[in-house]
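Worksheet: the structure to be examined is printed underneath.
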Amino acid sequence: QVQVVESGGGLVQAGGSQRLSCTASGSTDSINVFGWIRQVPGKQHELVALLNSAGAATYGDSVRGRFTISRASAENTVMLQMNSLKPEDTAIYYCKVDSHGLTYWGQGTQVTVSS
C-alpha cells in the first residue's frame, strides 16, 4: 500500500505562480511513476505531468512550457511548479503514484486562478 498526500494549492491571480507537492509513504520501494492529473467538475480528467523513475517527464499539451514536475530533496516527494497560470488552469489537482502495477491517488488539492 502507498499513501499519497498533496499540499499546496489555493487562490492565485492569472499570470502568477504556484507550487504543489506530493509525498508518497508506505511501500514506496517500487514506485515507477509520479503524476499529476487535474479535473474540473463535469469534465474529463486531464493529464498535467508525469515523472518516471528514470527522471523523464511528460506534460499535457495545455501546460507544456509553463509547468515543471521534478523530484524534491525530500524522499518520495515530487513538486509541480506552475507558472504563468491561466483561469483555465482552475481545477482539482490530484497526485497519482504507480507502484507494482497499481495506482494510488491523493485526496486532491484545489487550484483556483482568478482573472
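With every protein chain left in place, what is the accessible area per residue of the chain in square angstrom, probe 1.4 Å?
Working: 5960 Å² over 115 residues.
Using a 1.4 Å probe on heavy atoms only, each residue of the chain averages 52 Å².
Taking a ≥ b ≥ c as the square roots of the eigenvalues of the Cα gyration tensor of segment 49-115, is the shape rounded (a/c under 1.5), prolate (a/b larger than b/c) or oblate?
Values: a/c = 1.97, a/b = 1.54, b/c = 1.28.
Since a/c reaches 1.5 and a/b is larger than b/c, the shape of segment 49-115 is classed as prolate.
In vacuum, with every alpha carbon of segment 1-56 counted as one equal point scatterer, what does the Debye formula give for log10 I(q)/I(0) at q = 0.13, 0.14, 0.30 Å⁻¹? Two decimals, please.
Here the Debye-derived log intensity ratios amount to -0.45, -0.52, -1.26.
How far is it, in nm, from the label point at Glu75 to the one at Ser25 when both lie 7 Å from their Cα along the line to the Cβ?
1.3 nm
Can you give the Kirkwood hydrodynamic radius for segment 29-80, in Å, rounded to one decimal and based on Cα pairs? If you can, show how the numbers build up before the last one.
On the way: mean 1/r = 0.0846 Å⁻¹.
Mean inverse Cα-Cα distance, inverted, gives 11.8 Å.
Along segment 107-115, what does the Karplus equation 6.51 cos²θ - 1.76 cosθ + 1.60 (θ = phi - 60°) give for ³J(HN,Hα), rounded to whole Hz, x for Gly and Pro?
7, x, 9, 7, 10, 10, 10, 8, 8
What's the long-distance tail for the chain, i.e. % of Cα pairs beyond 16 Å?
55 percent
Using DSSP to call loops (not H, G, I, E or B), can you name the GluC sites (Glu not before Pro) in segment 1-107 whose Cβ has at most 15 other Cβ atoms within 10 angstrom?
In loop regions of segment 1-107 (DSSP not H, G, I, E or B), the sparsely surrounded GluC sites (Glu not before Pro) are Glu75.
Restricting to DSSP loop positions (anything but H, G, I, E, B) with no more than 16 other Cβ atoms inside 10 Å of their own Cβ, which trypsin sites (Lys or Arg not before Pro) remain in segment 1-109?
Counting only loop positions with at most 16 other Cβ atoms within 10 Å, the trypsin sites (Lys or Arg not before Pro) in segment 1-109 are Lys43, Arg64, Arg66.
When the accessible area of the chain is computed with all protein chains present and a 1.4 Å probe, what percentage of it is carbon and sulfur?
That share works out to 49 percent.
Give the percent of DSSP beta bridges with both residues in the chain that are antiparallel, rounded to the nearest 5.
Details: 41 of 45 bridges.
That works out to approximately 90 percent antiparallel.
Suppose a student asked you for the relative contact order of segment 1-102, using Cα pairs under 8 Å spaced at least 6 residues apart; what percent would you report?
Once normalised by length, the contact order is 36 percent.
The values are calculated or read from the model by the stated rules, or taken from the named source; none is laboratory data. Just so it is clear, the model here is predicted, and its values are computed rather than measured. Cβ atoms come from the backbone with ideal geometry, glycine included; neighbour counts cover every protein chain shown. For the accessible areas, the whole protein counts, side chains as well, though only heavy atoms, and no ligand, DNA or RNA atoms are used. Shrake-Rupley method; radii C 1.70, N 1.55, O 1.52, S 1.80 Å.
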